[in-house]
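Taking it in order: structure first as structure tokens, then the write-up.
Throughout, read-outs are computed from the coordinates displayed, never taken from laboratory work. Just so you know, these numbers come straight off a predicted model, no measurement behind them. Cβ placement follows ideal geometry from the backbone for every residue including glycine, while neighbour counts extend to all protein chains displayed.
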């Protein structure tokens, strides 16, 4: 762990989630609809194992099974329909967030100083923004469509089981807490530092590619294609090693979580057999416990993946947030009024100008006067000096 210091991870996560909540606050109604729909859909999933167990008891008792048969399927179909509404809302929510991020990032980049742009690779900057926008989609999908239902399932299933058998509910609760504690702590302290370093090399790779492509004419002029190939190959090798290390740590966490799930399964099945042997549970109730175990294990396993997705999203968004939070060198005042130019003018008097690699001057005895507030159009063929004139004014 000395290779990847963990300090600063809390601040990074806090900045990213503050940034995300700030974007959520712009669409409160849409966010409320998504969360309400996912709550209703997930509650239907929680009740399916309970009514499946009642169906088995009805079959064993010889009762009419039509009602008991129809309820689980009605709940499942209702959950699908409600979830569809939530997904449609999520699409609109995320697209609006990504649009806002693109516009605001462009706004900031346009107003950063010339020195900032001179010291930043254009390709790296573009990569930070596009990667962050893509990670926003993953972060929102994971939190609203994956983690929120998983939390509801875990709490709901544990509460229902605890209501029937307190010890069984305690086993489920302790197993879920231990599993989630492993997933969160290992993701933050073990995977996140390596993933952050891998993202840094991903940014450098994007910058190197953009630099090589944009400067291709210079590379060709000096016959330096081989040198550029070697330079990029070194960066790609570093990127591959750093990315592999991050991925391998994620794989290790997955295996560790698998062992935790096996231990939970043994405890639940063992106690279910004890309830059955003591006559404290009917066959339908045992089926309910086992079905709940399958559902809970699936959500817990997915939760481990979701936690790693959140960690990966945070790593990929942090550079975008850094751009967003960077102070502008010259910030617009909120109460600024349109500028009114009443004095001043631009004057050229007998200006001579030529480029060093040209014998003939571009301008010879050029005189020009532009009054304050006056608009002047420059008309002429390509190469006649329109752009040069503007650059001379700026100098």
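Once Rh is set to the Kirkwood radius over Cα pairs, what Stokes-Einstein translational diffusion coefficient, in µm²/s, holds for the stretch 122-249 at a temperature of 37 °C and a viscosity of 0.692 mPa s? Intermediate results must be reported in sequence, preceding the final value.
Working: Rh = 18.4 Å.
Roughly 178 µm²/s, to the nearest whole number.
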- Task: Extending each Cα 7 Å along its Cβ direction at residue 217 and residue 240, get the distance between those two points in nm, one decimal.
- Result: 3.4 nm
- Multiply the residue separation of residue 266 and residue 92 by 0.36 nm, subtract the distance between their alpha-carbon atoms, and state the gained length in nm to one decimal. 58.3 nm
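Assuming R0 = 45 Å, can you tell me the calculated FRET efficiency for the pair residue 126 and residue 365, based on Cβ-Cβ distance, to the nearest 0.05? Show your work: numbers first, answer last.
On the way: r = 44 Å, r/R0 = 0.99.
Computed FRET efficiency for residue 126 and residue 365: 0.50.
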- Item | Order of 128, 337, 391, 386 under a 10 Å beta carbon neighbour criterion, fewest first | 337, 391, 386, 128
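Counting other beta carbons within 10 Å of each residue's own, what order do 98, 248 fall into, fewest first?
Working: 98 17, 248 12.
So the residues, fewest neighbours to most, are 248, 98.
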- FRET efficiency for residue 278 and residue 326, using Cβ-Cβ distance with R0 set to 45 Å, rounded to 0.05: 0.10
- If only Cα atoms are counted, what is the Rg of the stretch 63-176, and what is its Dmax, in Å? 23.4, 81
- With N residues in the chain, Rg(alpha-carbon) / (2.2 N^0.38 Å) equals 1.46
- What span do the alpha-carbon atoms of the stretch 345-394 cover on each of the three principal axes, reported in whole Å from largest to smallest? 36, 22, 17
- Ranked list, fewest to most other Cβ atoms within 10 Å of each Cβ, for 242, 301: 301, 242
- Message: Using 0.36 nm times the number of residues separating residue 351 and residue 17, minus their current alpha carbon distance, what extension gain do you get?
- Response: 114.6 nm
- Note on the structure: Two pseudo-spin positions, 7 Å from Cα along C-beta at residue 393 and at residue 102, lie apart in nanometres by 3.2 nm
- What distance in nm separates the simple spin-label points at residue 114 and residue 374, each placed 7 Å from Cα in the Cβ direction? 2.6 nm
- Task: Would you mind listing how long the stretch 200-317 runs along its three principal axes, going by Cα atoms, in whole Å with the largest first?
- Result: 87, 19, 17
